[in-house]
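Undergrad: Here it is, the structure in full.
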Amino acid sequence: MALTVLSLSFVLFLLLGMPVAFAIGLSCLATFAYEGLPFETAIQMMVSGMNVFSFLAIPFFIFSGELMLHGGIADKIVAFARSLVGHWKGGLGLANVVASTLFGGVSGSPVADTSAMGGVMIPIMKREGYSAAYAVNVTTHASLSGALMPTSHNMIIYAFAAQAAVGTIDGHIIKGVSIGDLMFAGLIPVFWIMVCMLVAAYWQAAKYGYPKRTDGSTMVERFPGWGMVSKTFLAAIPGLMVIVIILVCVMQGVATATEAAAIAVTYSLLLTVVAYRTMTREKLFKSLAKASKTTGVILLLIGVSNMLRYQMAYLEIPDAIETVLLAATSSPWLMLLYINIIQIFLGIFLDMAAHILITTPLFLPLAIQMGVGPVQFGMMLLLNCALGLVHPPVGTVQFIGCAIGKISIGEATKTAWPYYLAIFIAITLVTYVPAFSTWLPTMLTGHKVL
């Protein structure tokens with residue numbers, strides 16, 4: 001009966017339009033009251049969930065991304081991408097994919113990526129003969145790569161959610177997950193997501209003849225020359241260096257992920273305030289306010305999700321789910337398929353942070369039994385969560401893109417299937433080809449990564 005109270009109250013609060021964090025917290029408190037458990041325990045779980053030193057990386061990564069967003073870095077990345085592929089068929093769409101992927105590595109956030117790239121690219125693409133739906137879909141789906149980049153705060157959240165993971169795979173003992181391993185694990189999936197997005201954007205541009213003049217004829221830019229490509233690349237390098245700084249610091253043992261995030265903030269400030277001088281007082285305050293607000297929302301979600309994890313363990317929910325799935329199949333590949341289907345379904349309704357925190361303790365132990373390590377599972381989970389950002393009814397990233405493009409969600413979704421397919425291909429590769437996410441961190445760190 002307690003499980004019924006927890007489930008129904010959570011669904012009811014969501015249907016009433018309550019934010020996910022409050023829906024989780026209040027449903028947990030309702031269950032605590034039904035079971036006669038002390039509310040002090042709930043508050044203790046909430047506070048202990050947020051009181052983790054590693055979480056200092058979250059505000060640092062978010063603040064660094066906001067500084068880059070408001071400091072003009074996006075314009076330089078767009079200029080480089082446009083000079084590189086802007087002369088191809090659907091050149092602005094391809095440039096958008098490249099620029100969104102690169103800026104995703106700088107911001108570490110699909111939302112910030114869409115805001116920056118969308119604000120720059122969508123109006124330009126509409127003006128130069130691309131449909132609003134095409135411009136929005138290219139921007140929003142390419143921005144999902146930010147969830148797997150080294151600057152992604154969602155990796156920090158997953159590392160916390162997976163800290164209790166234990167088990168053995170091929171004689172290797174599993175105990176939690178390394179944030180450094182996660183940072184390197186996302187690089188190859190991000191590259192292939194970019195390749196798949198480029199194919200989808202090119203195919204759609206060729207099919208509809210983008211870019212189109214008002215008379216229906218097509219137009220393609222001229223290649224500006226390798227000199228211009230080199231010039232714009234050199235201009236974009238300082239902004240992209242934040243990715244290199246973080247990876248080198250972690251790989252060489254110079255700094256932890258938290259310290260590397262603080263270094264990234266310092267570098268972003270020096271770049272935007274001293275070198276480029278594009279950071280005004282108003283932009284700085286806006287960056288601080290946005291980072292503070294986002295950090296507050298995420299930490300609240302972490303706190304209430306830790307309360308939910310306590311409830312789920314108390315009610316033995318993970319064991320029940322494991323029993324049901326193991327009864328359904330004993331085949332590892334089919335089990336992973338089931339987990340992905342459930343994850344995709346949940347991603348339709350849950351925001352990314354809540355999705356990670358709730359589902360990791362449910363499915364990671366089962367994945368380890370199937371021979372999937374926490375790093376590989378993390379890539380699976382982050383990709384599934386990212387897909388939810390562009391799928392209604394939650395679809396935070398898609399809503400932002402549609403607002404910039406001034407079109408409805410329904411209009412954008414009609415032509416989004418090639419980009420969904422690109423994400424599905426990446427999810428499939430990560431799920432069934434372990435080396436897709438584990439080979440690079442294994443090579444760079446010198447130890448077996450699972």
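The values are calculated or read from the model by the stated rules, or taken from the named source; none is laboratory data. It should be emphasised that the depicted structure is a prediction, and the values quoted were computed from it without experimental measurement. Glycine also receives a Cβ, built like all others from the backbone with ideal geometry; neighbour counts cover every protein chain displayed. Remember, those area values only see protein heavy atoms, side chains included, never the ligands or the DNA or RNA. Shrake-Rupley method; radii C 1.70, N 1.55, O 1.52, S 1.80 Å.
Undergrad: Quick one: Cα centre-to-centre distance for region 72-120 and region 180-196, in angstrom?
TA: Cα centroid of region 72-120 versus Cα centroid of region 180-196: 17 Å apart.
Undergrad: Where the centre of each part is set by its Cα atoms, how far does region 376-435 sit from region 308-358, in angstrom?
TA: After rounding, the separation between the Cα centres reads 19 Å.
Undergrad: For residue 425 and residue 207, compute 0.36 nm times the residue count separating them, minus their Cα-Cα distance, and round to one decimal in nm.
TA: Length gained, residue 425 through residue 207: 76.4 nm.
Undergrad: Moving to a separate point now. For Rg/Rh (Cα atoms, Kirkwood Rh), which listed value, (1) 1.05; (2) 0.97; (3) 1.02, comes from the coordinates shown?
TA: (2)
Undergrad: Using a Förster distance of 25 angstrom, determine the FRET efficiency expected from the C-beta separation of residue 282 and residue 406, and round it to 0.05.
TA: The pair residue 282/residue 406 has a calculated efficiency of 0.45.
Undergrad: Report the calculated FRET efficiency for residue 48 and residue 124 (r = Cβ-Cβ distance, R0 = 56 Å), to the nearest 0.05.
TA: 0.70
Undergrad: So for region 191-318, averaging the separation of alpha carbon pairs under 8 Å that are six or more residues apart and normalising by length, what relative contact order in percent results?
TA: Computed value for region 191-318: 10 percent relative contact order.
Undergrad: Using only helices, what value at 222 nm comes out for the chain when you add -39,500 (n - 2.57) per DSSP H run of length 4 or more and divide by the total residues, to the nearest 500 deg cm²/dmol?
TA: Result for the chain: -24000 deg cm²/dmol, rounded to the nearest 500.
Undergrad: Want the number for residue 26 to residue 170: 0.36 nm per residue separation, take away the alpha-carbon distance, what's left?
TA: 47.6 nm
Undergrad: Using r as the Cβ-Cβ distance of residue 292 and residue 338, and R0 as 41 Å, what FRET efficiency do you calculate, to the nearest 0.05?
TA: Result of the calculation: an efficiency of 0.55.
Undergrad: In percent, how large is the relative contact order of the chain, given Cα pairs closer than 8 Å and 6 or more residues apart?
TA: 24 percent
Undergrad: Once the piece of chain linking residue 349 and residue 369 is laid out straight, how much longer is it, given 0.36 nm per residue of separation minus the C-alpha distance between them?
TA: 4.5 nm
Undergrad: For residue 167, list long-range residues whose amide hydrogen, built 1.01 Å from N in the peptide plane, is under 5 Å from its own amide hydrogen.
TA: Hits under the 5 Å cutoff: 174.
Undergrad: At 1.4 Å probe radius, can you tell me the per residue accessible area of the chain in Å²?
TA: Here the per-residue accessible area is 41 Å².
Undergrad: Turning to a different aspect of this structure: How high is the relative contact order of region 1-112, given as a whole-number percent (alpha carbon pairs under 8 Å, six or more residues apart)?
TA: Dividing the mean separation by the residue count of region 1-112 yields 20 percent.
Undergrad: Determine the share of region 55-121's accessible area contributed by carbon and sulfur atoms, expressed in whole percent, with a 1.4 angstrom probe.
TA: The C+S portion of the solvent-accessible surface of region 55-121 is 72 percent.
Undergrad: Could you give the longest part of the chain that holds none of the trypsin sites (Lys or Arg not before Pro) found in DSSP loops with at most 15 neighbouring Cβ atoms within 10 Å?
TA: Of all site-free stretches, the longest is 1-212.
Undergrad: Over 22 Å between Cα atoms, which of 89/126; 283/406; 76/231 qualify?
TA: 283/406
Undergrad: Hey, what angle do you get for helix 39-50 against the long axis of the chain, alpha-carbon based, 0 to 90 degrees rounded to 10?
TA: Long axis of 39-50 versus the principal axis of the chain: about 40 degrees.
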